[in-house]
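Everything on this sheet refers to the single structure shown next.
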Amino acid sequence: MSAESRNDLLERVVAANSSYYTMQRDYTFAGETFPAYGEFHTAGEQYVLVKRAKLWEVNTHDYLFFMSLPSLSVEELNKAVEFMTTQAIRKVSPGPDHMSSALSLVILADVIDEEASKALKKVKFRKNYLLSIHGWSDLRVAAVNFSAPQGSQLISNSMGKPLIEMLEGNLELTNKQL
């Protein structure tokens, strides 16, 4: 597999999600450049009779970073997780109406070594704001291993299952082209 496969999948995923996410290509944040980045924001509220009589309001957010690498080692994974938990988390704006924010990372790699695969599955991170009164943030991580046999190319941490669903259909189309 090659950078061409990674780029093809990236193009498909960006196109498939551009109606939901505000997507940007070649995005630089905190000194790191990512081939793609997206934000998704939702808001919900309940009121009685008139909008001024608001009972509650909640906001949820997803900050989606993409990485494309020839290979993923444990060191690269740890560096990416550290970036997400120390730098990307600055995107979150907790407050009274903030319910949750997902810090999502999708890694496209030609090869993922076995130790990195095991470590990725164990990644856990949650940050509560004001004892969860102002919401929380979770880290979701998913990776595509192009060198793995078809059907076992996608891996994620426990919070990253929605990312797997997002990648599955697009990966099948990419594999058919190869």
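The values are calculated or read from the model by the stated rules, or taken from the named source; none is laboratory data. The structure presented is a predicted model; accordingly, all values stated were derived computationally and were not measured. Reconstructed Cβ throughout: ideal geometry from the backbone, glycine too, with neighbour counts over all protein chains shown. Accessible surface areas use protein heavy atoms only, side chains included; no ligands, DNA or RNA. Shrake-Rupley method; radii C 1.70, N 1.55, O 1.52, S 1.80 Å.
Please go through the stretch 153-167 and pick out each residue that is in contact with a Ser or Thr (Cβ under 8 Å, 6 or more places away or on another chain) and open to solvent by less than 10 Å² (accessible area, probe 1.4 Å).
Those that are in contact with a Ser or Thr (Cβ under 8 Å, 6 or more places away or on another chain) and open to solvent by less than 10 Å² (accessible area, probe 1.4 Å): GLY160, LEU163.
Please specify each residue of the stretch 104-153 satisfying the condition of being polar (S, T, N, Q), out of contact with any strand residue (DSSP E or B) (no Cβ under 7 Å at 6 or more places or on another chain) and touching a residue at least 12 places away in the same chain (Cβ under 8 Å).
The answer is GLN150, and nothing else.
Tally the residues that are open to solvent by less than 20 Å² (accessible area, probe 1.4 Å) and either out of contact with any Phe, Trp or Tyr (no Cβ under 8 Å at 6 or more places or on another chain) or without any contact (Cβ under 8 Å) to a residue 24 or more places away in the chain (or both), restricting the search to the stretch 1-13.
Matching residues across the stretch 1-13 total 1.
Can you confirm whether ALA30 is modelled with pLDDT under 95, among the aliphatic types (A, V, I, L, M) and surrounded by fewer than 18 Cβ atoms within 10 Å (Cβ to Cβ)?
Taking the combined requirement at face value, the residue does not satisfy it.
Filter the stretch 122-146 down to residues that are surrounded by 14 or more Cβ atoms within 10 Å (Cβ to Cβ) and more than 17 Å from ALA102 (Cα to Cα) and give me whichever is farthest from the chain's Cα centre (by Cα).
Residue satisfying both the conditions and the ranking: PHE146.
Taking the stretch 56-103, which residues are open to solvent by 40 Å² or more (accessible area, probe 1.4 Å), assigned to a loop (DSSP other than H, G, I, E, B) and either in contact (Cβ under 8 Å) with a residue 60 or more places away in the chain or not hydroxyl-bearing (Ser, Thr, Tyr) (or both)?
Of everything in the stretch 56-103, those that are open to solvent by 40 Å² or more (accessible area, probe 1.4 Å), assigned to a loop (DSSP other than H, G, I, E, B) and either in contact (Cβ under 8 Å) with a residue 60 or more places away in the chain or not hydroxyl-bearing (Ser, Thr, Tyr) (or both) turn out to be GLN87, PRO94, PRO96, ASP97.
Please go through the stretch 1-46 and give me each residue that is aromatic (Phe, Trp, Tyr) and touching a helix residue (DSSP H, G or I) at 6+ places or on another chain (Cβ under 9 Å), ordered by number.
Across the stretch 1-46, the qualifying residues are TYR21, PHE29, PHE40.
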